[in-house]
Amino acid sequence: MRGHAEGIFIPVATLGDLDDRGRAVVDVGGTRVALVRVDGRLHALEDTCPHRGGPLSEGDLAGTLLHCPLHAWPFDVRTGQCPERPGARVRIYEVRVDGERILVSASGSFPPR
Ligand code: FES
């Protein structure tokens, strides 16, 4: 049976909270989550790199790949997967924008290994 949290969206920020690059870091149930705008679309993924904890929200983007600022592991903002390191992944969250409000799914999900 699926958890009750699935399908629940919680407001975490407003569009005005995004910085010049279209990013923000928010708390979702005690997890740091990065909001990242790519080609006009917002994505949400766990902010903490699984390698050594680098803040992905501060990384550089190349297409949909967000490179960790510490050792440059790339993570696809759409899937949470690191294409260069099989098994390295971060949780991703669904995003909805309702007027000015940004909402994310209360329970993120990991991509399959
Ligand atoms: S901490 Fe992210 S690549 Fe090392």
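Figures for the structure shown
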item: For residue 48, net neighbour charge (Lys/Arg +1, Asp/Glu -1) across residues whose Cβ lies under 11 Å away; result: +1
item: Descending Cα extents along the principal axes, the stretch 13-105, whole Å; result: 37, 26, 19
item: Given charges at beta-carbon only (K, R positive; D, E negative), |dipole| of the chain in Debye; result: 400
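Readers should treat all values here as calculations from the given coordinates under stated rules, not as data from a laboratory. Computed from a prediction, not measured in an experiment: that's the story for all the values here. Cβ sites come from the backbone with ideal geometry, for glycine too, and all protein chains shown count toward neighbours.
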